[in-house]
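The values are calculated or read from the model by the stated rules, or taken from the named source; none is laboratory data. The structure presented is a predicted model; accordingly, all values stated were derived computationally and were not measured. Positions of Cβ are generated from backbone atoms using ideal geometry, with glycine treated the same way; all protein chains shown enter the neighbour counts. Side chains included, ligands, DNA and RNA excluded: accessible areas come from the protein's heavy atoms. Shrake-Rupley method; radii C 1.70, N 1.55, O 1.52, S 1.80 Å.
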Amino acid sequence: METFEVRTGGRTALHEITAQVEAAVERSGVREGVAVVYCPHTTAAVTINENADPTVARDFLMLVDRTVPRRDDYRHAEGNSDAHIKSILVGADRSIPVREGRLVLGAWQGVFLCEFDGPRTRRLHVKVIEG
Amino acid sequence: METFEVRTGGRTALHEITAQVEAAVERSGVREGVAVVYCPHTTAAVTINENADPTVARDFLMLVDRTVPRRDDYRHAEGNSDAHIKSILVGADRSIPVREGRLVLGAWQGVFLCEFDGPRTRRLHVKVIEG
Amino acid sequence: METFEVRTGGRTALHEITAQVEAAVERSGVREGVAVVYCPHTTAAVTINENADPTVARDFLMLVDRTVPRRDDYRHAEGNSDAHIKSILVGADRSIPVREGRLVLGAWQGVFLCEFDGPRTRRLHVKVIEG
(Lines give C-alpha, C1' and ligand atoms only; values in the text may rest on other atoms or scores of the structure.)
Protein backbone atom coordinates (compact mmCIF):
# COMPACT_ATOMS: atom_id res chain seq x y z
CA MET A 1 0.00 0.00 0.00
CA GLU A 2 1.19 3.50 -0.80
CA THR A 3 0.24 6.76 0.93
CA PHE A 4 0.64 10.28 -0.35
CA GLU A 5 -0.36 13.72 0.86
CA VAL A 6 -2.32 16.54 -0.77
CA ARG A 7 -2.33 20.12 0.48
CA THR A 8 -5.82 21.44 -0.22
CA GLY A 9 -6.79 25.07 -0.94
CA GLY A 10 -10.02 26.72 0.25
CA ARG A 11 -12.73 25.25 2.45
CA THR A 12 -14.16 23.15 -0.39
CA ALA A 13 -12.25 22.11 -3.47
CA LEU A 14 -11.60 19.20 -5.81
CA HIS A 15 -7.95 18.25 -6.30
CA GLU A 16 -7.01 15.89 -9.08
CA ILE A 17 -4.88 12.96 -7.89
CA THR A 18 -4.87 10.81 -11.05
CA ALA A 19 -1.11 11.13 -11.55
CA GLN A 20 -0.33 10.06 -7.98
CA VAL A 21 -2.68 7.06 -8.23
CA GLU A 22 -1.24 6.02 -11.61
CA ALA A 23 2.29 6.29 -10.17
CA ALA A 24 1.33 4.06 -7.24
CA VAL A 25 -0.14 1.49 -9.64
CA GLU A 26 3.06 1.54 -11.70
CA ARG A 27 5.28 1.12 -8.62
CA SER A 28 3.14 -1.80 -7.43
CA GLY A 29 4.18 -3.79 -10.49
CA VAL A 30 0.62 -5.10 -10.86
CA ARG A 31 -0.40 -5.48 -14.52
CA GLU A 32 -3.96 -6.83 -14.08
CA GLY A 33 -6.13 -6.21 -11.02
CA VAL A 34 -7.93 -3.48 -9.10
CA ALA A 35 -6.70 -0.26 -7.45
CA VAL A 36 -8.52 0.88 -4.30
CA VAL A 37 -8.14 4.60 -3.56
CA TYR A 38 -8.99 5.31 0.07
CA CYS A 39 -9.47 8.56 2.00
CA PRO A 40 -8.92 8.14 5.78
CA HIS A 41 -10.64 11.46 6.62
CA THR A 42 -14.26 12.07 7.68
CA THR A 43 -14.68 15.51 6.06
CA ALA A 44 -13.22 14.64 2.66
CA ALA A 45 -13.95 12.02 -0.01
CA VAL A 46 -12.73 10.48 -3.28
CA THR A 47 -14.57 10.73 -6.59
CA ILE A 48 -14.03 10.03 -10.27
CA ASN A 49 -15.30 12.60 -12.74
CA GLU A 50 -14.45 14.96 -15.57
CA ASN A 51 -10.96 16.42 -15.51
CA ALA A 52 -11.12 18.47 -18.73
CA ASP A 53 -13.27 21.43 -17.65
CA PRO A 54 -12.81 22.82 -14.09
CA THR A 55 -16.32 24.32 -14.15
CA VAL A 56 -17.66 20.79 -13.49
CA ALA A 57 -15.99 20.79 -10.07
CA ARG A 58 -17.21 24.33 -9.42
CA ASP A 59 -20.81 23.41 -10.32
CA PHE A 60 -20.67 20.30 -8.12
CA LEU A 61 -19.42 22.27 -5.11
CA MET A 62 -22.05 25.00 -5.66
CA LEU A 63 -24.89 22.50 -5.81
CA VAL A 64 -23.84 20.44 -2.78
CA ASP A 65 -23.17 23.60 -0.76
CA ARG A 66 -26.76 24.63 -1.41
CA THR A 67 -28.23 21.19 -0.71
CA VAL A 68 -26.08 20.64 2.38
CA PRO A 69 -25.62 24.17 3.79
CA ARG A 70 -22.71 25.04 6.05
CA ARG A 71 -25.05 26.59 8.63
CA ASP A 72 -28.21 24.72 9.53
CA ASP A 73 -30.00 23.06 12.43
CA TYR A 74 -26.91 20.98 13.27
CA ARG A 75 -25.90 19.69 16.71
CA HIS A 76 -22.28 18.70 16.02
CA ALA A 77 -20.32 21.42 17.81
CA GLU A 78 -17.34 21.65 15.45
CA GLY A 79 -19.24 23.60 12.80
CA ASN A 80 -18.41 21.15 10.02
CA SER A 81 -21.46 18.86 9.92
CA ASP A 82 -21.96 19.78 6.27
CA ALA A 83 -18.49 18.40 5.48
CA HIS A 84 -19.24 15.07 7.21
CA ILE A 85 -22.54 14.76 5.32
CA LYS A 86 -20.93 15.52 1.95
CA SER A 87 -18.21 12.99 2.74
CA ILE A 88 -20.85 10.30 3.38
CA LEU A 89 -22.73 11.15 0.16
CA VAL A 90 -19.62 11.05 -2.08
CA GLY A 91 -17.81 8.20 -0.30
CA ALA A 92 -14.32 7.52 1.05
CA ASP A 93 -13.30 4.78 -1.38
CA ARG A 94 -13.18 4.08 -5.10
CA SER A 95 -12.18 0.84 -6.85
CA ILE A 96 -10.79 1.08 -10.38
CA PRO A 97 -9.80 -1.86 -12.60
CA VAL A 98 -6.14 -2.01 -13.69
CA ARG A 99 -5.26 -3.38 -17.13
CA GLU A 100 -1.77 -3.64 -18.62
CA GLY A 101 -0.44 -1.74 -15.62
CA ARG A 102 -2.76 1.27 -15.95
CA LEU A 103 -6.11 2.44 -14.54
CA VAL A 104 -8.95 1.82 -17.03
CA LEU A 105 -10.26 5.37 -16.68
CA GLY A 106 -12.65 6.67 -19.33
CA ALA A 107 -11.46 9.32 -21.78
CA TRP A 108 -12.76 12.19 -19.64
CA GLN A 109 -12.26 10.68 -16.18
CA GLY A 110 -9.83 11.75 -13.49
CA VAL A 111 -9.59 10.76 -9.82
CA PHE A 112 -10.20 13.59 -7.34
CA LEU A 113 -9.84 14.24 -3.65
CA CYS A 114 -12.93 16.17 -2.51
CA GLU A 115 -12.05 18.62 0.26
CA PHE A 116 -15.09 19.72 2.26
CA ASP A 117 -13.45 21.28 5.35
CA GLY A 118 -10.09 22.69 4.28
CA PRO A 119 -7.59 23.91 3.73
CA ARG A 120 -5.69 21.00 5.27
CA THR A 121 -3.04 18.43 4.49
CA ARG A 122 -4.88 15.22 3.51
CA ARG A 123 -3.56 11.69 3.10
CA LEU A 124 -4.71 9.18 0.48
CA HIS A 125 -3.99 5.45 0.42
CA VAL A 126 -3.70 3.37 -2.76
CA LYS A 127 -3.83 -0.41 -2.50
CA VAL A 128 -3.41 -2.44 -5.69
CA ILE A 129 -4.63 -6.04 -5.78
CA GLU A 130 -3.48 -8.45 -8.47
CA GLY A 131 -5.94 -10.80 -10.06
CA MET B 1 -11.65 -7.85 -17.52
CA GLU B 2 -14.79 -7.85 -19.62
CA THR B 3 -16.52 -4.90 -21.26
CA PHE B 4 -20.07 -4.69 -22.54
CA GLU B 5 -22.28 -1.97 -23.98
CA VAL B 6 -25.72 -0.69 -23.03
CA ARG B 7 -27.88 1.46 -25.28
CA THR B 8 -29.77 3.78 -22.95
CA GLY B 9 -33.22 5.30 -23.54
CA GLY B 10 -34.27 8.80 -22.48
CA ARG B 11 -32.14 11.51 -20.87
CA THR B 12 -32.26 9.82 -17.46
CA ALA B 13 -32.96 6.15 -16.89
CA LEU B 14 -31.89 3.11 -14.90
CA HIS B 15 -30.97 0.03 -16.92
CA GLU B 16 -30.55 -3.28 -15.17
CA ILE B 17 -27.24 -4.99 -15.99
CA THR B 18 -27.34 -7.85 -13.48
CA ALA B 19 -27.43 -10.55 -16.16
CA GLN B 20 -24.40 -9.11 -17.99
CA VAL B 21 -22.42 -8.84 -14.76
CA GLU B 22 -23.35 -12.39 -13.71
CA ALA B 23 -22.32 -13.67 -17.14
CA ALA B 24 -18.94 -11.94 -16.83
CA VAL B 25 -18.43 -13.51 -13.40
CA GLU B 26 -19.28 -16.94 -14.79
CA ARG B 27 -16.90 -16.55 -17.75
CA SER B 28 -14.11 -15.44 -15.41
CA GLY B 29 -14.15 -18.86 -13.77
CA VAL B 30 -13.72 -17.24 -10.34
CA ARG B 31 -15.64 -19.11 -7.62
CA GLU B 32 -14.73 -16.97 -4.58
CA GLY B 33 -13.73 -13.31 -4.75
CA VAL B 34 -15.02 -9.84 -5.61
CA ALA B 35 -16.53 -8.39 -8.79
CA VAL B 36 -15.85 -4.72 -9.51
CA VAL B 37 -18.40 -3.10 -11.86
CA TYR B 38 -16.96 0.09 -13.32
CA CYS B 39 -18.53 2.87 -15.41
CA PRO B 40 -15.93 4.82 -17.47
CA HIS B 41 -18.33 7.73 -18.13
CA THR B 42 -18.66 11.04 -16.25
CA THR B 43 -22.41 11.54 -16.71
CA ALA B 44 -23.51 8.03 -15.74
CA ALA B 45 -23.01 5.80 -12.68
CA VAL B 46 -23.51 2.29 -11.28
CA THR B 47 -25.84 1.43 -8.42
CA ILE B 48 -27.33 -1.59 -6.70
CA ASN B 49 -31.00 -1.42 -5.71
CA GLU B 50 -34.42 -2.95 -6.06
CA ASN B 51 -35.17 -4.66 -9.36
CA ALA B 52 -38.69 -5.91 -8.61
CA ASP B 53 -40.71 -2.69 -8.91
CA PRO B 54 -39.73 -0.16 -11.60
CA THR B 55 -41.39 2.68 -9.65
CA VAL B 56 -38.32 2.69 -7.37
CA ALA B 57 -36.13 3.84 -10.27
CA ARG B 58 -38.77 6.37 -11.32
CA ASP B 59 -38.98 7.80 -7.77
CA PHE B 60 -35.17 8.00 -7.52
CA LEU B 61 -34.89 9.88 -10.83
CA MET B 62 -37.72 12.25 -9.86
CA LEU B 63 -36.13 13.10 -6.54
CA VAL B 64 -32.59 13.63 -7.84
CA ASP B 65 -33.89 15.69 -10.78
CA ARG B 66 -35.50 18.01 -8.27
CA THR B 67 -32.50 18.16 -5.94
CA VAL B 68 -30.03 18.56 -8.81
CA PRO B 69 -32.00 20.49 -11.46
CA ARG B 70 -31.06 20.38 -15.12
CA ARG B 71 -31.10 24.19 -15.36
CA ASP B 72 -29.45 26.15 -12.58
CA ASP B 73 -26.64 28.61 -11.92
CA TYR B 74 -24.11 26.35 -13.66
CA ARG B 75 -20.95 27.46 -15.49
CA HIS B 76 -20.14 24.25 -17.40
CA ALA B 77 -21.07 25.14 -20.97
CA GLU B 78 -22.26 21.73 -22.15
CA GLY B 79 -25.61 21.94 -20.34
CA ASN B 80 -25.13 18.68 -18.46
CA SER B 81 -23.71 19.77 -15.11
CA ASP B 82 -26.59 18.06 -13.37
CA ALA B 83 -25.54 14.75 -14.92
CA HIS B 84 -21.94 15.13 -13.70
CA ILE B 85 -23.17 15.97 -10.19
CA LYS B 86 -25.54 12.98 -10.07
CA SER B 87 -22.71 10.76 -11.32
CA ILE B 88 -20.49 11.93 -8.43
CA LEU B 89 -23.26 11.37 -5.87
CA VAL B 90 -24.09 7.82 -7.02
CA GLY B 91 -20.55 6.75 -7.92
CA ALA B 92 -18.81 5.08 -10.87
CA ASP B 93 -17.88 1.80 -9.18
CA ARG B 94 -19.44 -0.98 -7.13
CA SER B 95 -17.73 -3.98 -5.53
CA ILE B 96 -19.79 -7.11 -4.94
CA PRO B 97 -18.58 -10.31 -3.25
CA VAL B 98 -18.66 -13.49 -5.35
CA ARG B 99 -19.43 -16.83 -3.71
CA GLU B 100 -19.66 -20.19 -5.47
CA GLY B 101 -19.31 -18.41 -8.80
CA ARG B 102 -22.21 -15.99 -8.27
CA LEU B 103 -22.74 -12.42 -7.01
CA VAL B 104 -24.01 -12.39 -3.40
CA LEU B 105 -26.83 -9.98 -4.23
CA GLY B 106 -29.68 -9.67 -1.77
CA ALA B 107 -33.10 -11.08 -2.65
CA TRP B 108 -34.34 -7.74 -4.05
CA GLN B 109 -31.07 -6.38 -5.41
CA GLY B 110 -30.10 -5.82 -9.03
CA VAL B 111 -27.14 -3.95 -10.56
CA PHE B 112 -28.07 -0.89 -12.60
CA LEU B 113 -26.42 1.53 -14.98
CA CYS B 114 -27.69 5.02 -14.13
CA GLU B 115 -27.97 7.16 -17.25
CA PHE B 116 -28.06 10.88 -16.48
CA ASP B 117 -27.35 12.39 -19.92
CA GLY B 118 -28.69 10.01 -22.55
CA PRO B 119 -29.71 8.46 -24.69
CA ARG B 120 -26.23 7.13 -25.51
CA THR B 121 -24.29 3.91 -25.91
CA ARG B 122 -22.48 3.30 -22.61
CA ARG B 123 -19.71 0.86 -21.76
CA LEU B 124 -19.34 -1.04 -18.48
CA HIS B 125 -16.27 -2.93 -17.26
CA VAL B 126 -16.41 -5.98 -14.98
CA LYS B 127 -13.21 -7.10 -13.27
CA VAL B 128 -13.38 -10.23 -11.09
CA ILE B 129 -10.65 -10.80 -8.49
CA GLU B 130 -10.11 -14.20 -6.94
CA GLY B 131 -9.45 -14.47 -3.24
CA MET C 1 -16.81 -14.53 3.28
CA GLU C 2 -18.38 -13.82 6.65
CA THR C 3 -21.91 -12.64 7.37
CA PHE C 4 -23.25 -11.08 10.55
CA GLU C 5 -26.53 -9.56 11.64
CA VAL C 6 -27.42 -6.20 13.14
CA ARG C 7 -30.71 -5.43 14.86
CA THR C 8 -31.47 -1.81 14.06
CA GLY C 9 -33.43 0.67 16.20
CA GLY C 10 -35.80 3.32 14.86
CA ARG C 11 -36.81 3.97 11.26
CA THR C 12 -33.48 5.65 10.44
CA ALA C 13 -30.26 5.14 12.37
CA LEU C 14 -26.54 4.62 12.00
CA HIS C 15 -25.11 1.53 13.73
CA GLU C 16 -21.37 1.18 14.07
CA ILE C 17 -20.07 -2.18 12.80
CA THR C 18 -16.32 -1.52 12.95
CA ALA C 19 -15.70 -4.22 15.57
CA GLN C 20 -17.56 -6.88 13.57
CA VAL C 21 -15.68 -5.98 10.38
CA GLU C 22 -12.30 -5.99 12.19
CA ALA C 23 -13.13 -9.38 13.69
CA ALA C 24 -13.96 -10.78 10.24
CA VAL C 25 -10.65 -9.45 8.90
CA GLU C 26 -8.78 -11.06 11.77
CA ARG C 27 -10.52 -14.42 11.29
CA SER C 28 -9.73 -14.33 7.55
CA GLY C 29 -6.03 -14.49 8.36
CA VAL C 30 -5.30 -11.94 5.62
CA ARG C 31 -2.46 -9.58 6.58
CA GLU C 32 -2.33 -7.40 3.43
CA GLY C 33 -5.26 -6.83 1.10
CA VAL C 34 -8.70 -5.24 0.87
CA ALA C 35 -11.89 -5.80 2.89
CA VAL C 36 -15.20 -5.36 1.04
CA VAL C 37 -18.16 -4.61 3.34
CA TYR C 38 -21.42 -5.34 1.53
CA CYS C 39 -25.06 -4.64 2.43
CA PRO C 40 -27.52 -6.97 0.62
CA HIS C 41 -30.54 -4.75 1.39
CA THR C 42 -32.14 -2.07 -0.81
CA THR C 43 -33.28 0.29 1.98
CA ALA C 44 -30.00 0.34 3.93
CA ALA C 45 -26.38 1.19 3.09
CA VAL C 46 -22.79 1.14 4.39
CA THR C 47 -20.72 4.24 5.10
CA ILE C 48 -17.46 5.23 6.76
CA ASN C 49 -17.48 8.35 8.92
CA GLU C 50 -16.85 9.81 12.34
CA ASN C 51 -17.44 7.51 15.28
CA ALA C 52 -16.42 9.87 18.10
CA ASP C 53 -19.43 12.21 18.27
CA PRO C 54 -22.93 10.74 17.71
CA THR C 55 -24.28 14.15 16.69
CA VAL C 56 -22.60 13.63 13.28
CA ALA C 57 -24.94 10.71 12.58
CA ARG C 58 -27.92 12.71 13.87
CA ASP C 59 -27.06 15.68 11.62
CA PHE C 60 -26.63 13.40 8.60
CA LEU C 61 -30.02 11.74 9.14
CA MET C 62 -31.72 15.13 9.68
CA LEU C 63 -30.29 16.57 6.46
CA VAL C 64 -31.05 13.58 4.25
CA ASP C 65 -34.56 13.28 5.70
CA ARG C 66 -35.17 16.86 4.61
CA THR C 67 -33.60 16.44 1.17
CA VAL C 68 -35.28 13.09 0.55
CA PRO C 69 -38.61 13.37 2.43
CA ARG C 70 -40.53 10.32 3.57
CA ARG C 71 -43.73 11.61 1.97
CA ASP C 72 -43.52 13.05 -1.52
CA ASP C 73 -44.79 12.54 -5.05
CA TYR C 74 -43.66 8.91 -5.05
CA ARG C 75 -45.24 6.04 -7.00
CA HIS C 76 -43.67 3.05 -5.20
CA ALA C 77 -46.55 1.67 -3.19
CA GLU C 78 -44.61 0.41 -0.15
CA GLY C 79 -44.15 3.88 1.34
CA ASN C 80 -40.36 3.58 1.57
CA SER C 81 -39.14 5.24 -1.63
CA ASP C 82 -37.10 7.65 0.46
CA ALA C 83 -35.19 4.70 1.95
CA HIS C 84 -34.37 3.28 -1.49
CA ILE C 85 -33.16 6.69 -2.68
CA LYS C 86 -30.96 7.22 0.39
CA SER C 87 -29.56 3.72 -0.08
CA ILE C 88 -28.57 4.57 -3.66
CA LEU C 89 -26.97 7.87 -2.61
CA VAL C 90 -24.88 6.36 0.21
CA GLY C 91 -24.09 3.03 -1.49
CA ALA C 92 -24.25 -0.65 -0.59
CA ASP C 93 -20.51 -1.40 -0.60
CA ARG C 94 -17.28 -0.04 0.83
CA SER C 95 -13.73 -1.24 0.15
CA ILE C 96 -11.10 -0.66 2.84
CA PRO C 97 -7.39 -1.53 2.57
CA VAL C 98 -6.05 -4.02 5.12
CA ARG C 99 -2.48 -3.66 6.42
CA GLU C 100 -0.80 -5.90 8.98
CA GLY C 101 -4.13 -7.66 9.54
CA ARG C 102 -6.14 -4.52 10.32
CA LEU C 103 -8.36 -2.02 8.46
CA VAL C 104 -6.43 1.18 7.63
CA LEU C 105 -9.20 3.40 9.03
CA GLY C 106 -8.37 7.01 9.80
CA ALA C 107 -8.16 8.17 13.43
CA TRP C 108 -11.79 9.31 13.49
CA GLN C 109 -13.30 6.75 11.10
CA GLY C 110 -15.72 3.96 11.89
CA VAL C 111 -17.76 1.70 9.60
CA PHE C 112 -21.54 2.10 9.88
CA LEU C 113 -24.66 0.35 8.72
CA CYS C 114 -27.14 3.05 7.64
CA GLU C 115 -30.70 1.98 8.39
CA PHE C 116 -33.28 3.93 6.36
CA ASP C 117 -36.39 1.76 6.82
CA GLY C 118 -36.13 0.08 10.20
CA PRO C 119 -36.26 -1.26 12.70
CA ARG C 120 -35.24 -4.58 11.16
CA THR C 121 -32.63 -7.30 11.38
CA ARG C 122 -30.03 -6.57 8.71
CA ARG C 123 -27.23 -8.74 7.36
CA LEU C 124 -23.77 -7.55 6.34
CA HIS C 125 -21.17 -9.48 4.34
CA VAL C 126 -17.41 -9.04 4.71
CA LYS C 127 -15.13 -10.45 2.02
CA VAL C 128 -11.38 -10.08 2.51
CA ILE C 129 -9.09 -10.38 -0.51
CA GLU C 130 -5.36 -10.97 -0.11
CA GLY C 131 -2.92 -9.09 -2.30
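I'd like to know if the stretch A:113-121 contains one or more residues that are polar (S, T, N, Q) and surrounded by fewer than 22 Cβ atoms within 10 Å (Cβ to Cβ). Looking for residues that are polar (S, T, N, Q) and surrounded by fewer than 22 Cβ atoms within 10 Å (Cβ to Cβ), one finds at least one in the stretch A:113-121, hence yes.
Taking the criterion of being aliphatic (A, V, I, L, M) and over 26 Å from A:Val111 (Cβ atoms), the only residue of the stretch A:51-90 that qualifies is A:Ala77.
Within 8 Å of chain A (Cβ to nearest Cβ), touching a residue at least 40 places away in the same chain (Cβ under 8 Å), of a type in the set (A, V, I, L, M) and within 25 Å of C:His41 (Cα to Cα), is that true of B:Val36? Yes. When A:Glu5 is tested against (1) outside any loop (DSSP other than H, G, I, E, B); (2) in contact with a helix residue (DSSP H, G or I) (Cβ under 6 Å, 6 or more places away or on another chain); (3) open to solvent by 20 Å² or more (accessible area, probe 1.4 Å), exactly one condition is not met: (2).
Being of a type in the set (Phe, Trp, Tyr) and in contact with a Lys or Arg (Cβ under 8 Å, 6 or more places away or on another chain) is a property that holds for A:Phe116. If you go through the stretch A:41-63 and keep only what is within 10 Å of chain B (Cβ to nearest Cβ) and open to solvent by 10 Å² or more (accessible area, probe 1.4 Å), you end up with A:Glu50, A:Asn51, A:Ala52, A:Asp53, A:Pro54, A:Thr55, A:Ala57, A:Arg58, A:Leu61, A:Met62. Annotation note: Cβ proximity below 7 Å between a residue of the stretch C:94-113 that is more than 7 Å from every other protein chain (Cβ to nearest Cβ) and a residue that is at pLDDT below 95 (sequence gap 6+ or interchain) occurs for C:Gly110/C:Asn51.
Is it the case that A:Ala77 is touching a residue at least 40 places away in the same chain (Cβ under 8 Å) and not charged (D, E, K, R)? When the stated conditions are applied, A:Ala77 does not pass them. When residues in the stretch B:8-33 are screened for being closer than 24 Å to B:Val64 by Cβ and open to solvent by less than 30 Å² (accessible area, probe 1.4 Å), 5 of them pass. Counting just the residues of the stretch B:82-110 that are among the charged types (D, E, K, R) and buried (at least 19 other Cβ atoms within 10 Å of the Cβ), which one comes out farthest from B:Glu130 (Cα to Cα)? The extreme case among them is B:Asp82. Scoring B:Gly91 on the criteria (1) of a type in the set (Gly, Ala, Ser); (2) on the phi > 0 side of the Ramachandran plot; (3) more than 11 Å from chain A (Cβ to nearest Cβ) leaves a single failure, condition (3).
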